[in-house]
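The values are calculated or read from the model by the stated rules, or taken from the named source; none is laboratory data. These numbers come from a predicted model, not from an experiment. As a convention, Cβ positions derive from the backbone with ideal geometry for all residues, glycine included, and neighbour counts pool all protein chains shown. Just the protein is used for accessible areas: all its heavy atoms, side chains included, with ligands, DNA and RNA removed. Shrake-Rupley method; radii C 1.70, N 1.55, O 1.52, S 1.80 Å.
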Amino acid sequence: MRRYIMKNISTIARCATLYRDEKLTALGLNGYQAPYVPEICNTPGITQEQLAQRLHVNRSSITRQLALLEENGFILRQRSTEDRRSIEVYPTNKMVEALPIVRDTFRRWRMELTKGLTEEELELLETLLERLANRAEEIR
């Protein structure tokens, strides 16, 4: 039996991004930027490096997306007073106001994606995906 685990995970991730693109365009956000919103709102002053680690994204992608978020008025970036090499990221009111909509978009995607799965299947899926995610972090 052939297993296409990574192909399936990649398909789900790409479709999730497209879904977020469609639902968040009116706010001025794209599907790639949506995961930044809760991280930045929940941790004002997070550094670009910390954000890259939490989102598992390379620094050039972080820099590019943060530049777009700053251009569109969602964040403010400033050099850290403690470590002049670090850039801290702060949410603006615009981002804070977008947070509930972004969270709802994540929730609706999850509900649509898992529609038809039993509670037991959801528990098993969550457990297995968590194990895979933890293993991926170990390998990296």
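For the reader, a short list of remarks on this structure follows.
- Within the stretch 16-45, being crowded, with 16+ Cβ neighbours inside 10 Å and under 9 Å from the mean Cα position of the chain (by Cα) holds for G31, Y32, Q33, A34, P35, Y36, V37.
The rows are residues; the columns are (1) of a type in the set (D, E, K, R); (2) closer than 24 Å to E39 by Cα.
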site	(1), (2)
V89	no, yes
E97	yes, yes
R108	yes, yes
L124	no, no
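- Residue check for N72: at negative phi, modelled with pLDDT of 95 or more and surrounded by 15 or more Cβ atoms within 10 Å (Cβ to Cβ): yes
- Flag for R85 being surrounded by fewer than 13 Cβ atoms within 10 Å (Cβ to Cβ) and either among the aromatic types (F, W, Y) or not in a helix (DSSP H, G or I) (or both): yes
- For the stretch 103-116, the set of residues classified as charged (D, E, K, R) and either under 20 Å from A67 (Cβ atoms) or assigned to a helix (DSSP H, G or I) (or both) consists of R103, D104, R107, R108, R110, E112, listed by residue number.
- Among the conditions (1) part of a helix (DSSP H, G or I); (2) touching a residue at least 12 places away in the same chain (Cβ under 8 Å); (3) touching a strand residue (DSSP E or B) at 6+ places or on another chain (Cβ under 8 Å); (4) not β-branched (V, I, T), the only one that E70 does not satisfy is (2).
- Where Y90 falls short, out of the listed (1) touching a Pro at 6+ places or on another chain (Cβ under 7 Å); (2) farther than 24 Å from G31 by Cα: (2)
- Residues in the stretch 117-133 that are more than 28 Å from I46 (Cβ to Cβ), part of a helix (DSSP H, G or I) and open to solvent by less than 100 Å² (accessible area, probe 1.4 Å): 5 in all.
Residue-wise test of (1) of a type in the set (D, E, K, R); (2) open to solvent by 30 Å² or more (accessible area, probe 1.4 Å); (3) in a loop (DSSP other than H, G, I, E, B).
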residue: L66; (1), (2), (3): no, no, no
residue: L76; (1), (2), (3): no, yes, no
residue: E97; (1), (2), (3): yes, yes, no
residue: I101; (1), (2), (3): no, yes, no
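- Among the residues of this structure, T114 counts as one that is open to solvent by less than 50 Å² (accessible area, probe 1.4 Å) and farther than 19 Å from E39 by Cβ.
- Evaluated against (1) surrounded by 13 or more Cβ atoms within 10 Å (Cβ to Cβ); (2) without any contact (Cβ under 8 Å) to a residue 60 or more places away in the chain; (3) over 16 Å from L99 (Cβ atoms), L51 falls short on exactly one condition, (3).
- Number of the exception - R2 against (1) touching a residue at least 60 places away in the same chain (Cβ under 8 Å); (2) within 20 Å of L129 (Cα to Cα); (3) open to solvent by 50 Å² or more (accessible area, probe 1.4 Å): (1)
- Members of the stretch 19-56 found to be among the polar types (S, T, N, Q) and part of a loop (DSSP other than H, G, I, E, B), listed by number: N30, Q33, T43
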